[in-house]
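Here the structure comes first, spelled out in structure tokens, and everything after it is commentary.
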Protein chains: 2
Amino acid sequence: MRSFIDVSPDSHFSIQNLPFGIFSTQSDEILSARVGVAIGDQILDLTAISQLFEKHVPELGNPTLVFSQSSLNMFMSLGKPVWQATRKFLQSILSEDNPELRDSKELRANAFVSQHRAKMHLPVNIGHFTDFYASKEHATNCGVMLRGKDNALMPNWLHLPVGYHGRASSVVVSGTDLARPSGQRSPGKGQPPVFGPSVKLDIELEMAFFVGTGNKLGERIPIQQTKDHIFGMVLMNDWTRDIQAWEYAPLGPFLGKSFGTTISPWIVTLDALEPFLVDGPCQDPTPLPYLQEKGKTAYDINLEVKMKPRDCSTHKTLTRSNLKYMYWSICQQLAHHTVNGCNMGAGDLCGTGTISGPTEDARGSLLEITWNGEKEIDFGNGVKRMFVEDGDEVVLTGYCQGEGFKVGFG
Amino acid sequence: MRSFIDVSPDSHFSIQNLPFGIFSTQSDEILSARVGVAIGDQILDLTAISQLFEKHVPELGNPTLVFSQSSLNMFMSLGKPVWQATRKFLQSILSEDNPELRDSKELRANAFVSQHRAKMHLPVNIGHFTDFYASKEHATNCGVMLRGKDNALMPNWLHLPVGYHGRASSVVVSGTDLARPSGQRSPGKGQPPVFGPSVKLDIELEMAFFVGTGNKLGERIPIQQTKDHIFGMVLMNDWTRDIQAWEYAPLGPFLGKSFGTTISPWIVTLDALEPFLVDGPCQDPTPLPYLQEKGKTAYDINLEVKMKPRDCSTHKTLTRSNLKYMYWSICQQLAHHTVNGCNMGAGDLCGTGTISGPTEDARGSLLEITWNGEKEIDFGNGVKRMFVEDGDEVVLTGYCQGEGFKVGFG
């Protein structure tokens, strides 16, 4: 499948992808955020082709209304059959073989916006944010540092996807500057805490899925039906660290996390990711029946973390990981989340937790990479880092590799 | 101050109170939820006196729009000066000395709805829910049961108001039936978990405050300004227990809480509670500067828990506690919540955690009352309880006692 829009083989935004986002352009003093789909280095403005949707995807109801929203919530709430019909139509209308948009000068003049000229917004009005802790390698690394090798994993870890409620208000779109948080820290056992800016500011390489349609309070989403409810995925950097250490007993992370969580602007649909399903890790012990899944359960998504310290001009790769290493799948996460009857809704966001891999160069946080500050990262020219310093820049990327094309997150 | 509406001295809804809520009536096949204020056994329908607001409280802008909302979020977002002007006007217009509403047959015919005829709704579209753990007696009781007397309080507990992010979607208004949740439980150390309905379903006597106006990400609300941001308070029953025990290490409560949290329908404003401020508990060690507060910091609110088992016809009082026992004040909670720059907004809800008092008859959960199932509660006629069984009913009440009147939560 090829598009009449030029897409280089290295672009994350092939016609096989077509991720959804919210963008705006500043023109004629009008700045209005609306729904777009990325293709190559362009954005297809879905409000500009409303009449095509009316003709080809009647399930959308009022496409002008749906796509002129400043969030994807309304589109997501329409449900999987509508997401799929929309995606199928978009692949068709962008195809090199289809003249309907390709040969219409009038339509094309308004339909495409260069990504360089667009401002990307938070794609979803996030209702609730949950963060899991689903990578066995990450949980083990943290456990070894905290409790030693023999007690690395908590007794519950192999039986359920451990997760907690996060703060939705502080989730921001990639590119948003964040301020270093202040808070209490403990200088050592028995000493009173001190107050001040975080001194160990860390990153966490995560992915996250958006719930598109939810369930009622008291009902559950059986694991076989979870994919009908998941709209798509984004990259996530769950900024974190030292403030959490003192505050988190016994009720979990709080202010150590709620100062900022960054997500990528383009939501890659589950349908675009399906061709990249692979076998998940062996789960031993066998999960309880409500967590049992058949077939391929893991997504082969290459993940990378790069960092550019304030005084450096280039980025250095710190980590190459992959979502396929994750122990608890996103379907298991959603089935677990609702097994008590917890109600989910359009726009709820669920993070995977830090995705570390089996090797040292696949660790997803500076805590693990520096082994809690034991090994400095050398950026050359005397620039070294243990944790993130003011003015540093961190870049997360992720993509699936197809034959001659990529399905990526930007 | 007295109203021309008859208010018995035992009513929680005196003219000194005037709590805000969202109600609807079923008449002429129209059911529309809107803003009302409780007075005696009546509700003053604020949409019915829009023209009076236009005349007397121009700060409201468009009172018809503000009060025809199905949540209080828009009113709350207008800010404290508007809340106070509205409250002052309502006290005036309901006063026995003011003829404007009192003597207008036409206005009165539409303005008052009997509480018996009204259905109460969740008063706020809750953005985020945070739950604190601010009662020293409760934290101590739980700590003694879990870790023994010598390590009852965690090292951080006396230095900061421990809190965690809760689930906002499962907060429901009083009277909503809840289903017993299912989940994993551990039958004992080293044994694999089992799955099934919760066998220790508990209540937690809490109160909670609503944020009316918030702060931007990266900014904080200094403790001296917290009262400008808090709209009012409600009663809260944070249903909970055994599912939490197995899941919560190390990231805190999750599915053990997110199946349902009940709040009272009427929000009592902070202004109505101010006359009932009393000295708070002595705080030793002295909190860090950002948590230091002057003057009276605790509210003298009498709290009671009653329970009616399925097969009983009457309620038995289980607990009499008081919000004044709480160690960390609501202002300290809000100042702490934002000290890292976490952004709050209109409709955010913060629970106090279980409010236990210093005596055995002031314990705020069945876990504490039965001392984790050691002492059964006897309801007579052979009916006993350790925890909540299907069909049981729990009633929380709370009120401040004025001279000849009450300011209560219903």
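What follows draws every value from the coordinates through simple rules; no lab data is involved. Small disclaimer: the values here were computed from a predicted structure and weren't measured. Here the Cβ is made from the backbone with ideal geometry for all residues, glycine too, and neighbour counts use every protein chain on show.
Observations on the model:
- Theoretical FRET efficiency, 1/(1+(r/R0)^6), r = Cβ-Cβ of B:D390 and B:R2, R0 41 Å, to 0.05: 0.35
- Our compactness index for chain A, the C-alpha radius of gyration over the empirical 2.2 N^0.38 Å, is 1.00.
- Descending semi-axes in Å of the range A:20-121, equivalent ellipsoid built from Cα gyration tensor: 20, 18, 12
- Measuring from each Cβ of chain B to the axis carrying B onto A, the nearest residue and its distance in whole Å come out as B:G252, 1.
- Counting only Cβ charges, +1 for Lys and Arg and -1 for Asp and Glu, the dipole size of the protein assembly as shown around its Cα centre is about 600 debye.
- Using a Förster distance of 30 Å, the FRET efficiency for A:S92-A:E293 (Cβ separation, nearest 0.05): 0.40
- Within the straight-line cut-off of under 14 Å between alpha carbons, the aspartates and glutamates reachable from B:K294 are B:D279, sequence neighbours fewer than 8 places apart in one chain being disregarded.
- Here's the list of aspartates and glutamates a cross-link from B:K80 could span, going by alpha-carbon distance under 16 Å and ignoring same-chain residues fewer than 8 apart: B:E59, B:D228, B:D271, B:E274, B:D348.
- By the count of other C-beta atoms within 10 Å, a proxy for reagent exposure, A:K200, A:K384 are ordered fewest to most as A:K384, A:K200.
- Of all the options A:G353, A:G252, A:G212, the one that moves most in a Gaussian network model of chain A with Cα springs shorter than 10 angstrom is A:G252.
- Placing R0 at 45 angstrom, the Cβ-Cβ distance between B:D300 and B:Q51 gives a FRET efficiency of 0.75 after rounding to 0.05.
- Placing a label point 7 Å from Cα along the Cα-to-Cβ direction at A:K227 gives distances to the equivalent points in the other copies of 5.8 nm, listed shortest first.
- Among A:F195, A:F13, A:F387, residue whose mean-square fluctuation peaks in a GNM of chain A (springs only between Cα atoms under 10 Å): A:F195
- Rule-of-thumb Rg ratio for the protein assembly as shown [Cα; 2.2 N^0.38 Å; N residues]: 0.99
- Given A:K149/A:K306; B:K88/B:K216; B:K200/B:K306; A:K149/A:K375; B:K296/B:K324; A:K216/B:K216, the pairs whose alpha carbons are separated by over 21 Å: A:K149/A:K306; B:K88/B:K216; A:K216/B:K216
- A:D271 paired with A:V194, simple spin-label distance in nm, labels 7 Å along Cα-to-beta-carbon: 5.6
- Peptide-level mean, for B:167-174, of C-beta atoms on other protein chains within 10 Å: 4
- For B:M74, A:M120, order by how many other beta-carbon atoms lie within 10 Å, fewest first: B:M74, A:M120
- Cβ-based exposure ranking for A:D361, B:D202, B:D271, in which fewest neighbours within 10 Å come first: A:D361, B:D271, B:D202
- Think of each Lys and Arg Cβ as +1 and each Asp and Glu Cβ as -1; about the Cα centre, that makes the dipole of the range A:129-408 roughly 400 debye.
- Cut-off 17 Å, label 7 Å out along Cα→Cβ of A:Q84, residues of the range A:223-247 by amide N: A:224-232
- Exam field: A:R147 pseudo-label spacings to other copies (7 Å along Cα-Cβ), nanometres: 1.4
- Here is how far apart the B:Q84 label points are across copies: 5.9 nm, shortest first, using a point 7 Å from Cα toward Cβ.
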